[in-house]
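Each remark here refers to the structure printed beneath this line.
The values are calculated or read from the model by the stated rules, or taken from the named source; none is laboratory data. All figures in this text were calculated on a predicted structure; none of them were measured in a lab. No Cβ is skipped: glycine too gets one built from the backbone with ideal geometry, and neighbour counts run over all protein chains shown.
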Amino acid sequence: MNKTLVAYFSASGVTAKVAKTLAGAIGADLHEIVPAVAYTDADLNWNDSRSRSSVEMKDKASRPAVAGMVEGMEQYDAIFLGFPIWWYVAPTIINTFLEQYDLSGKTIVPFATSGSSGMGGTNAALAGSCKGALLKEGKRFPAGVSADELKKWADSLGL
């Protein structure tokens, strides 16, 4: 039987809610990707070109530190990877998370939350951090997505 993990980074709580709903709907384990240094509201101000998030997202090599790791990552066959869309891609902390592990033979399925932006160039920006894994096309969900809709989407992937 395949073992599944839902790992997520959430800046405002929206992605956390969707990730928890998804994990419950599909019977997956749950892991929060926590930044070593928490983001403040000022850090997340995308209108300020000097804010932490703006600076990180301008530098594709940026790898914000992550606090903690998934214990027993080797046991998971599939990883649903959740995050808010920042500048039409995943936040670079997602690359940090992925690059901590040997992902060989695993399937990575991104999912995102956003008020209006789609997945944009997410897969292209994540591909180099998923060496050895199958990176599936992801999907954006609204904050209020139902457990039934998430389960239907996850089931459609055939994992």
Determine whether residue 22 is modelled with pLDDT of 95 or more and more than 20 Å from residue 99 (Cβ to Cβ).
yes
If you go through the range 1-25 one residue at a time, how many are within 17 Å of the chain's Cα centre (by Cα), among the polar types (S, T, N, Q) and loosely packed, with under 13 Cβ neighbours inside 10 Å?
0
Out of 139, 131, I need the residue that is under 15 Å from residue 89 (Cα atoms) and charged (D, E, K, R). Which one?
139
Quick test of your reading of the structure: residue 109 fulfils all but one of (1) under 25 Å from residue 38 (Cβ atoms); (2) under 11 Å from the mean Cα position of the chain (by Cα). Name the failing condition by number.
(1)
Looking at the range 50-65, which of the residues that are in a loop (DSSP other than H, G, I, E, B) and touching a residue at least 12 places away in the same chain (Cβ under 8 Å) is farthest from residue 109 (Cα to Cα)?
59
Heads up, the strands (runs of 3 or more DSSP E) in the range 66-159 (entirely inside) with at least 2 residues that are touching a residue at least 60 places away in the same chain (Cβ under 8 Å) are 78-84, 107-113
Looking for something farther than 22 Å from residue 23 by Cβ, among the polar types (S, T, N, Q) and touching a Pro at 6+ places or on another chain (Cβ under 8 Å) - is there at least one such residue anywhere in the range 92-99?
yes
Give the residues of the range 26-49 that are without any contact (Cβ under 8 Å) to a residue 60 or more places away in the chain, surrounded by 16 or more Cβ atoms within 10 Å (Cβ to Cβ) and in a loop (DSSP other than H, G, I, E, B), sorted by residue number.
28, 39, 43, 44
Could you check the range 102-149 and list, in sequence order, the residues that are buried (at least 19 other Cβ atoms within 10 Å of the Cβ) and of a type in the set (Ser, Thr, Tyr)?
107, 113, 114, 122, 129
